[in-house]
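Provided herewith is a single structure, encoded as C-alpha cells, for subsequent inquiry.
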Amino acid sequence: MAGSASMPPEPMDWGALALAAGPAPSDPTAGPTSPQARLRLFGRPEAEVRVTLYRDHHAWCPYCQKVWLWLEEKRVPYRTSKVTMFCYGRKEPWYTERVPSGMLPALELDGRLITESDRILEALEQSFGPLGAAMQSSVALPLRQLERQVFRAWCQWLCVQARGAADEARSLENFDRWAARFAAALEAEPGAFLLGDLGTVDLIFVPYLERMNASLAYYKGYLLRARHPAIDRWFRALEERSTYLGTQSDFHTHAHDLPPQMGGCHASGSSEQRDLADRIDAGPWPIVDPPGADPETSQGEPADAAAVALARVLRHREPLLARNPLGSDGFDRPLRCALTRLITGQDCPPPPGSARGLRYLRDRISVPRDMPLHAARLLRRSLEATARLDPADPLAAGEPIPVQHRRDQDPSPFLAAAGRPLGTGP
C-alpha cells in the first residue's frame, strides 16, 4: 500500500540461530588454550596425567592464571577442577575439606596437594623442569621482587583513597616510576620478554600487569601500554601466543571483578577517567581510535568471532533467560533481536522495556570465561545497539554491578543447567 511504513524485521528464531552458529565446537582437550577445558593432554595419553589444577570458575584469580599459563607453556598434561571464589558464591564443601582456607589456586601433583602459587610453580619446576630461568635463580629473584614492588605501587594508587589532587599525583608518579623500572628490565633484552625468551618470570608479571592495564584505564584514565612502549611490546609478544590469548581477559571484566577482590577501587574523577570508564562500560569498542592504538589488544578481530559469541550464548541460553531481570519470557525476544543483529548486522527493534534486560547481560559477559575478547566485544556491541532501539526507554540502565561482592555471577545455575551441580566434587 502506497505510503505505508515497512514492518520492522523479525528476530531469528532459536532454530535459525543454532544453524547460524554452525557445528558444535571441538573438544577443548586438544587445540588452543581454552578456559572451557577440563583436561589438557598435548598429545599424551590420559594415563600420563599427574597434575590437577584447582582454579576459579570465572578465570578471575590472578594467581591461578600464572599457574595455568605455566602448564600451557610447558605443555604438561593436566586436569582442571573449578572452584567458587569467595566474592561470587559459596565455597564448595568438597574443596574446603581439602583446602580449609579455601584459597586458590591449589594443585595436586602425583597425589600431593600444594597451595600458594609460587610454591606450586617451584614444585612444577622440580618435576618437569624450569621454563626459562628457575624461580630461585639469581637472575629471577630480583625480577620477582620487582613484580611485588610494581604490585604495591598499583595497590597504593588504586585501592587507597587519595586525600586530594596532590596525593593522587604522588601515587601516579610512584606507580609510573615502578612501571618504568619494569620497562627498563624489558629494554635490557634484545627481544620483547624478560631474560630473552618467555619464561616463568614473565608469567609472574602477566596476571597483575593485565589487571593494571585494565583497572588504571577505568579508574584513573591511565593507559599503561601507551605510556610505556616496552610494556606494550611485551603485551604484543604475549598476544602472539595462543596460550596467553586463551587466558586473556578484557578491560570491562577486570574493571568490575577487581573491586570485591581488592577491597575497593577508587576513581580519580578526572575527565579522562570518566570518558574511558564510560567507553569501557558502554562502548564504542575498541575504546580508542585508531585501531593500532587499541589499549586492550594488538590482535585483529577473528573471522569467527560473532559465531563464537553466538555459540556460547546458545550453550547457556536457559539460565541466561531465567536469570535476566525481565524473566525468561520477557527476555526471549530481546535476546533474539540482539543475536540477530550480531549475525546479520541488521537492526531488530526489541519490545518496549527491553533495554534494562539487554544491558544487564551486556554488563555480565566475562572474558575469557564466556568467550574471547573480540567475541565479547561483538556481543556487547549488539546488545547495546539493540538496547538503544527500545521504543519505551532506550537509555534504561541494567541493574548495577555490585562492588562488595559478585554474587550476580554465581555459577551454580549455569553448572546445574550443564549437568554439573555445584558442590558435587571435581
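The values are calculated or read from the model by the stated rules, or taken from the named source; none is laboratory data. Treat the numbers as computed from the prediction; the structure is a model and nothing was measured. A quick note on method: Cβ atoms are made from the backbone with ideal geometry, for glycine too, and the neighbour counts reach across all protein chains shown. Just so you know, the surface numbers come from the protein's heavy atoms only, side chains and all, with ligands and any DNA or RNA stripped out. Shrake-Rupley method; radii C 1.70, N 1.55, O 1.52, S 1.80 Å.
Do you know which of the residues in segment 242-269 that are hydroxyl-bearing (Ser, Thr, Tyr) and touching a helix residue (DSSP H, G or I) at 6+ places or on another chain (Cβ under 8 Å) is most open to solvent (accessible area, probe 1.4 Å)?
The extreme case among them is 268.
Now for a separate question. Which one of these does residue 261 not meet: (1) at pLDDT 95 or above; (2) part of a helix (DSSP H, G or I)?
(1)
Where the second residue is among the basic types (Lys, Arg) and the first is touching a residue at least 60 places away in the same chain (Cβ under 8 Å) and lies in segment 83-107, which pairs have Cβ atoms under 7 Å and are six or more apart or on separate chains?
Partner pairs satisfying both residue conditions: 84/90; 84/91; 87/406; 88/406; 88/407; 89/407.
Could I ask something else about it? Would you pick out the residues in segment 101-115 that are modelled with pLDDT of 95 or more and open to solvent by 50 Å² or more (accessible area, probe 1.4 Å)?
Residues satisfying the conditions are 108, 110, 111, 112, 113.
When only residues in segment 17-61 that are of a type in the set (A, V, I, L, M) and loosely packed, with under 14 Cβ neighbours inside 10 Å count, which is modelled with the lowest pLDDT?
24
Right, another one. Give me a count of the residues in segment 285-308 that are open to solvent by less than 40 Å² (accessible area, probe 1.4 Å), in contact with a Leu (Cβ under 8 Å, 6 or more places away or on another chain) and closer than 17 Å to residue 367 by Cα.
6
Could you list, in sequence order, the residues of segment 116-130 that are open to solvent by 20 Å² or more (accessible area, probe 1.4 Å) and either touching a strand residue (DSSP E or B) at 6+ places or on another chain (Cβ under 7 Å) or under 26 Å from residue 412 (Cα atoms) (or both)?
116, 127
Also, I was wondering about something else. Looking at segment 116-164, which of the residues that are over 19 Å from residue 200 (Cα atoms) and small (Gly, Ala, Ser) is modelled with the highest pLDDT?
153
Still on this structure: Give me a count of the residues in segment 131-180 that are without any contact (Cβ under 8 Å) to a residue 12 or more places away in the chain, open to solvent by less than 50 Å² (accessible area, probe 1.4 Å) and among the charged types (D, E, K, R).
Total satisfying the criteria: 1.
Still on this structure: So, residue 8, is that one open to solvent by 50 Å² or more (accessible area, probe 1.4 Å) and at pLDDT below 95 or not?
Taking the combined requirement at face value, the residue satisfies it.
Being closer than 18 Å to residue 123 by Cβ and not β-branched (Val, Ile, Thr) is the filter here; which residues of segment 83-100 pass it?
98
To continue, here is another question. Is one or more of the residues making up segment 62-74 closer than 15 Å to residue 246 by Cβ, open to solvent by 20 Å² or more (accessible area, probe 1.4 Å), aliphatic (A, V, I, L, M) and not in a loop (DSSP other than H, G, I, E, B)?
No; the residues of segment 62-74 include none that is closer than 15 Å to residue 246 by Cβ, open to solvent by 20 Å² or more (accessible area, probe 1.4 Å), aliphatic (A, V, I, L, M) and not in a loop (DSSP other than H, G, I, E, B).
Another question, if that's okay. So residue 327 passes all but one of these: (1) open to solvent by 30 Å² or more (accessible area, probe 1.4 Å); (2) over 23 Å from residue 279 (Cα atoms). Which condition number does it fail?
Failing condition for residue 327: (1).
Residue check: is residue 189 of a type outside the set (A, V, I, L, M, F, W, C) and modelled with pLDDT under 95?
Yes, satisfied.
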